[in-house]
Every structure is written in C-alpha cells, then in structure tokens.
Amino acid sequence: MVAVDKALEAHTMGIRLTPQERFEIFGDFNPEEHAAEVDQRWGDTQAHRESQRRVASYTADDWRRFKTEMAAVEQSFAAALRDGVPAESEQARTIAELHRQHLNKWCYDCDYQMHRGLGQLYVSDPRFTAYYDGIANGLAQYVADAIASNADASEVAGKD
C-alpha cells in the first residue's frame, strides 16, 4: 500500500518512476516531501510550470542522465575551488554557464538574473548550503559567486 501511495505522489509531481527507480536515482531524498514548499514559493511561476511539464515525460534513464550531468558540473566547481581558481575567473564563469545551460536543457528557461537568484538561494537556504558544502567546504558560496560573476559578465556583454 505504501508503494502505491508513493507511486501516486510521484505521479502527481510528474515523476513517473517506480519506487525502486526513485530510490536508485534519488536515494533517501524524497521530492514529494518538498512539493508543498515548492508550490508555495514558485507554483505560480512560468519556470515552475515549465519544469513540471518537462519532468512529466522523464524516464528513469533521463533522470540518470540529468543527475550524471549535474554531478559533473558540481565536481567541476569543486575542483576549481580546490585548485584555488577565483570564482570571478573565466574558468569559473564557464562552469557557471554549464550549470545554467543544464537548467535550460532539463528544467526551465533560466536567464542570467534567474540564475543569479538561484545562486543566492544556495547560500541563503541552509539545505542548499549543506548540500553544496557537503561536496566541498565553501562550495555553496563559490558557486553563488561564480554564478553572479557569470551574470555580471553577461550584462557587460549584452547577453540575455
């Protein structure tokens, strides 16, 4: 019965995975636990509607690719931080742009200002900070700074 409830919840959120697939892909993270907060914060936005539309069609393989690609971006950020690459450098901005493009590809159209706001969320919400800092100490701030630098550079270049 619990498996049926979980499958129905996932379906409601647009995640069409079996309970076993969800555990394999998301581990102990349960997206449904955050559904109400997500709806409250972003439910009336075009980005949220677009994200819901896109993920509704994702297969387990799509979710695996999504996670693999994001993990590669996160590891690139962590390596740059570890190597002392300034967050304002071209290298860090390039990684930030890869992050933004990943969101564009898989989630929603993420312009530079929206991306900047997301970077700020990484340091203002302790859950995001803990996630990034769990990869590498200080990574949340580094990612936020690299994203802001990339957004600043886009404004100077007249992009977006």
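Mind telling me which of the residues Phe128, Phe77 ends up being modelled with pLDDT under 95 and buried (at least 18 other Cβ atoms within 10 Å of the Cβ)? Write out each step before concluding.
On the way: Phe77 fails: modelled with pLDDT under 95.
That would be Phe128, the only listed residue that is modelled with pLDDT under 95 and buried (at least 18 other Cβ atoms within 10 Å of the Cβ).
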Handout entry: Extreme residue, nearest to the chain's Cα centre (by Cα), among residues of segment 98-125 that are at pLDDT 95 or above and aliphatic (A, V, I, L, M)
Key = Leu98
Practice task
Within segment 115-133, identify whether any single residue is in contact with a helix residue (DSSP H, G or I) (Cβ under 8 Å, 6 or more places away or on another chain), of a type in the set (S, T, N, Q) and more than 22 Å from Gln46 (Cβ to Cβ), and answer yes or no.
Solution key: yes
Handout entry: Test result for Tyr58, open to solvent by less than 40 Å² (accessible area, probe 1.4 Å), touching a residue at least 40 places away in the same chain (Cβ under 8 Å) and not charged (D, E, K, R)
Key = yes
Completion exercise
Out of (1) free of Cβ contacts under 8 Å to residues at least 24 places away in the same chain; (2) surrounded by fewer than 17 Cβ atoms within 10 Å (Cβ to Cβ), the one Asp133 does not meet is (2)
Problem - Single match in Ala72, Ala140 (criterion: under 13 Å from the mean Cα position of the chain (by Cα) and open to solvent by 40 Å² or more (accessible area, probe 1.4 Å)) - result: Ala72
Practice task
Considering each of Arg22, Arg53, Arg64 in turn, give the residue that is among the basic types (Lys, Arg), at pLDDT below 85, surrounded by fewer than 17 Cβ atoms within 10 Å (Cβ to Cβ) and part of a helix (DSSP H, G or I).
Solution key: Arg53
Completion exercise
Picked from segment 88-125 (must be free of Cβ contacts under 8 Å to residues at least 40 places away in the same chain and among the basic types (Lys, Arg)), the residue most open to solvent (accessible area, probe 1.4 Å) is Lys105
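The values are calculated or read from the model by the stated rules, or taken from the named source; none is laboratory data. Given the structure is predicted, the values throughout are model-derived calculations rather than measurements. Cβ: placed from backbone, ideal geometry, glycine included. Neighbour counts: every protein chain shown. Surface accessibility is based on the protein's heavy atoms, side chains included, excluding ligands, DNA and RNA. Shrake-Rupley method; radii C 1.70, N 1.55, O 1.52, S 1.80 Å.
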